[in-house]
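Worksheet for the structure shown next.
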Amino acid sequence: MITLNHDPVYRPLLALLVISIASHDTGAYIVGNLIGRHKICPQISPGKTWEGFLGGTLATTCALGVITYFYGHSASWSIIITASCMLSVAALAGDLFESALKRRAGIKDSGSLLPGHGGLLDRFDGILFGAYLMYICRTFFILLCQ
């Protein structure tokens, strides 16, 4: 994230990262609670469902679509959907990794600053994994900002 911030060309990717991961987490939570039935990995994170994951991916796609439209960027829907899928997988991987660490340590929440959210680390687990992906694929993701 520091490296992306250092280069003004890639700086907008940081905002896209935060918005994308927040959109995914919100969409996954809402859809998963409403219609989630098929568990992804119940031994690590019993609340995560495939339906929630798809809802999060759809929310991410919508968020990136709205951003590119309102800022006059010319990214195609294939780029938006591909970016959304990539970031959603990274968000899920980060969520599952952090949940596995908490289970291994025998703790339920990583803090109490945000009650009901599993702790502050739950707000950043997807961003941490997404940041690596965005850095590695920065020349692809910058297409969203052109």
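If we scan the stretch 96-118, do we find a residue that is at pLDDT 90 or above, in contact with a Cys (Cβ under 7 Å, 6 or more places away or on another chain) and assigned to a helix (DSSP H, G or I)? Scanning the stretch 96-118 turns up at least one residue that is at pLDDT 90 or above, in contact with a Cys (Cβ under 7 Å, 6 or more places away or on another chain) and assigned to a helix (DSSP H, G or I). When residues in the stretch 19-49 are screened for being surrounded by 15 or more Cβ atoms within 10 Å (Cβ to Cβ), out of contact with any Leu (no Cβ under 9 Å at 6 or more places or on another chain) and part of a helix (DSSP H, G or I), 6 of them pass. Just so you know, in the stretch 78-87 the residues that are closer than 16 Å to Met134 by Cβ and either part of a strand (DSSP E or B) or of a type outside the set (Gly, Ala, Ser) (or both) include one that is nearest to the chain's Cα centre (by Cα), and it is Leu87. The listed residues are Ala75, Ala90, and the only one of them that is closer than 25 Å to Cys137 by Cβ, over 18 Å from the mean Cα position of the chain (by Cα) and crowded, with 18+ Cβ neighbours inside 10 Å turns out to be Ala75.
Scanning the stretch 123-146 for residues that are charged (D, E, K, R) and crowded, with 16+ Cβ neighbours inside 10 Å yields Arg123, Asp125. Filtering Asn33, Asn5 for residues that are polar (S, T, N, Q) and closer than 28 Å to Gly106 by Cβ leaves a single hit, Asn33. Check the stretch 127-144 and report whether any residue there is in contact with a Cys (Cβ under 7 Å, 6 or more places away or on another chain), at pLDDT below 95 and either on the phi < 0 side of the Ramachandran plot or among the hydroxyl-bearing types (Ser, Thr, Tyr) (or both). No, every residue in the stretch 127-144 fails to be in contact with a Cys (Cβ under 7 Å, 6 or more places away or on another chain), at pLDDT below 95 and either on the phi < 0 side of the Ramachandran plot or among the hydroxyl-bearing types (Ser, Thr, Tyr) (or both). Within the group Leu58, Leu64, which residue is of a type outside the set (Gly, Ala, Ser), in contact (Cβ under 8 Å) with a residue 40 or more places away in the chain, part of a helix (DSSP H, G or I) and crowded, with 16+ Cβ neighbours inside 10 Å? Every option except Leu64 fails the conditions.
The values are calculated or read from the model by the stated rules, or taken from the named source; none is laboratory data. Computed from a predicted structure; not experimentally measured. For neighbour counting, all protein chains shown are included, and Cβ atoms are generated from backbone atoms with ideal geometry for every residue, glycine included.
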